[in-house]
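**Student:** Provided herewith is a single structure, encoded as structure tokens, for subsequent inquiry.
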Amino acid sequence: MRHLLEIDDLGADELRTILDLSERADLPRVLDGQGAMLLFEKPSARTRTSMEMAVVQLGGHPVTLRNEEVGIDRRESAEDLGRLLSGYGAVIGARVFEHHKVERLAAAASVPVVNLLSDEAHPVQALADLLTVRQEFGTLDGVVITYVGDANNVARSLGVACGLMGLEFRVSNPPGYDFDAASLDRLRNAGCEVVLEPDPVLAVKGADVVYTDAWYSMGQEEEQAVRTAAFADWRVDEALMAQASDRAIFLHCLPAHRGDEATDAVLDGPSSRIWPQAYNRMHTKRGLLAWLLDERLR
């Protein structure tokens, strides 16, 4: 039995296999007649919709439980929920605030557990990101990705994925919003020689992919004014995109605060691939679930 709590729970060959499976239209119905138990401590649009549809496409029935219905560590412990839900479904997905909750779920569960987002990691997003890049360029070899903005859970999982697959990964962020020591260790242990460049223009120079995320996420609304001021020079606009390579694409995990981290001209422009990237959330979850639940596909 395997879990996916962070992207480096996979090896490089396993990651390639999941990307390949994500593009197949003939996957076995590994969830036929079975349930997928989906816990959402944090609300979601793309993650919930894409996961539910991936389950349906594999023949299963998604059972989604929201925070007010479950209350991890409030109504029941993460361990008890892991034991309980293992008896109802073939897989558990969890979107939580604190990463330790999904770790404890997995430790107690007797079925695979997928981290659908935590404060430390967003591995299912990284899968969709890599598939989008590979579809665009036909390969991941030699691709340079620059992440502009907060060095958050999305950036960390993306960097780990880049390390596993051998992509160059650059990061540019304002002081105080960079990776902590533990995250840098995780990146380097995954093989990522992350390039930390404080100047966003230099960081984007010649990059094939320019990636950004919201300056303030769910639970950080009280920091909005402070973060907006701090990140003002890290907005992805047409001038910044012009520094990238001639073939460069723009990615964003969404939802976007239009006019903050990226302008409409970039989000809706010819380099933007944010909608294929969003749709690939469903395709890569389908590939991941098939891989987790059918050992023959490994």
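**Student:** Using a Gaussian network model of the chain whose springs link C-alpha atoms within less than 10 Å, name the residue from Leu38, Leu65, Leu21 with the highest mean-square fluctuation.
**Tutor:** Leu65
**Student:** Rounded to the nearest percent, how much of the accessible area of the chain (1.4 Å probe, protein heavy atoms only) is carbon and sulfur?
**Tutor:** Values: 5800 of 12010 Å².
Using a 1.4 Å probe with all protein chains present, the chain comes out at 48 percent carbon and sulfur.
**Student:** I want to verify the translational diffusion coefficient of region 56-200 in µm²/s; compute it with Stokes-Einstein, Rh as the Kirkwood radius over Cα pairs, at 37 °C and 0.692 mPa s. Each step should come with its number before you reach the end.
**Tutor:** On the way: Rh = 16.9 Å.
Translational diffusion coefficient: 195 µm²/s.
**Student:** Using +1 on the beta carbon of Lys and Arg, -1 on that of Asp and Glu, and nothing else charged, what's the dipole of region 1-160 about the Cα centre, debye to 20?
**Tutor:** 380 debye
**Student:** Identify which of His122, His257, His283 has the largest mean-square fluctuation in a Gaussian network model of the chain, with springs joining Cα atoms closer than 10 Å.
**Tutor:** Most flexible of the set in this elastic network: His257.
**Student:** Check the straight Cα-Cα distances from Lys42 and name the aspartates and glutamates below 15 Å, setting aside those fewer than 8 residues away within the same chain.
**Tutor:** Answer for Lys42, where 15 Å is the Cα cut-off: Glu68, Glu69, Asp73, Glu98, Asp119, Glu120, Glu221, listed by chain and number.
**Student:** While we're looking at this one, here's another question. Could you rank Asp26, Asp260, Asp246, Asp9 by how accessible they are, 1.4 Å probe, largest area first? Each step should come with its number before you reach the end.
**Tutor:** Details: Asp26 100, Asp260 30, Asp246 165, Asp9 60 Å².
Accessible-area ranking of Asp26, Asp260, Asp246, Asp9, largest first: Asp246, Asp26, Asp9, Asp260.
**Student:** Based on C-alpha coordinates, I'd like the Rg and Dmax of region 180-231, in Å.
**Tutor:** 14.1, 36
**Student:** What order do Tyr147, Tyr88, Tyr177 take when sorted by accessible area (1.4 Å probe), most exposed first?
**Tutor:** Details: Tyr147 0, Tyr88 150, Tyr177 40 Å².
Result, largest first: Tyr88, Tyr177, Tyr147.
**Student:** Considering only Leu117, Leu158, Leu27, give the residue with the highest GNM mean-square fluctuation for the chain, with springs between Cα atoms whenever their separation is below 10 Å.
**Tutor:** Leu27
**Student:** How much solvent-accessible surface does Thr64 expose, in Å² to the nearest 10, with a 1.4 Å probe and all protein chains in place?
**Tutor:** 30 Å²
**Student:** Report the per residue volume, in Å³, of the convex hull enclosing the C-alpha atoms of region 152-217. Working shown, then result.
**Tutor:** Numbers: hull volume 5.5 nm³, N = 66.
For region 152-217, the hull spanned by Cα atoms encloses 84 Å³ per residue.
**Student:** Still on this structure, please answer the following. Counting only the heavy atoms of the protein chains, how much of His100 is accessible to a 1.4 Å probe, in Å² to the nearest 10?
**Tutor:** That residue has around 80 Å² of solvent-accessible surface.
**Student:** Continuing with this model, one more query. Dipole of region 38-128, Cα-centred, from +1 at each Lys and Arg C-beta and -1 at each Asp and Glu C-beta, to the nearest 20 debye?
**Tutor:** 220 debye
**Student:** Using the Cα gyration tensor of region 12-63, with a ≥ b ≥ c the square roots of its eigenvalues, what is the shape: rounded (a/c below 1.5), prolate (a/b larger than b/c) or oblate (neither)?
**Tutor:** Because a/c hits 1.5 or more and a/b fails to exceed b/c, region 12-63 counts as oblate.
**Student:** Where nothing but the Cβ of Lys and Arg (+1) and of Asp and Glu (-1) is charged, how large is the charge dipole of region 251-298 around its Cα centre, in debye to the nearest 20?
**Tutor:** 340 debye
**Student:** Further, regarding this structure: If the viscosity is 1.002 mPa s and the temperature 20 °C, what translational diffusion coefficient in µm²/s does Stokes-Einstein give for the chain when Rh comes from Kirkwood over Cα pairs? Show your work: numbers first, answer last.
**Tutor:** Working: Rh = 19.3 Å.
Stokes-Einstein gives a translational diffusion coefficient of 111 µm²/s.
The values are calculated or read from the model by the stated rules, or taken from the named source; none is laboratory data. For clarity, every value in this text was computed on a predicted model and none was experimentally measured. Every residue, glycine as well, gets a Cβ built from its backbone with ideal geometry; the counts of neighbours run over all protein chains shown. For the accessible areas, the whole protein counts, side chains as well, though only heavy atoms, and no ligand, DNA or RNA atoms are used. Shrake-Rupley method; radii C 1.70, N 1.55, O 1.52, S 1.80 Å.
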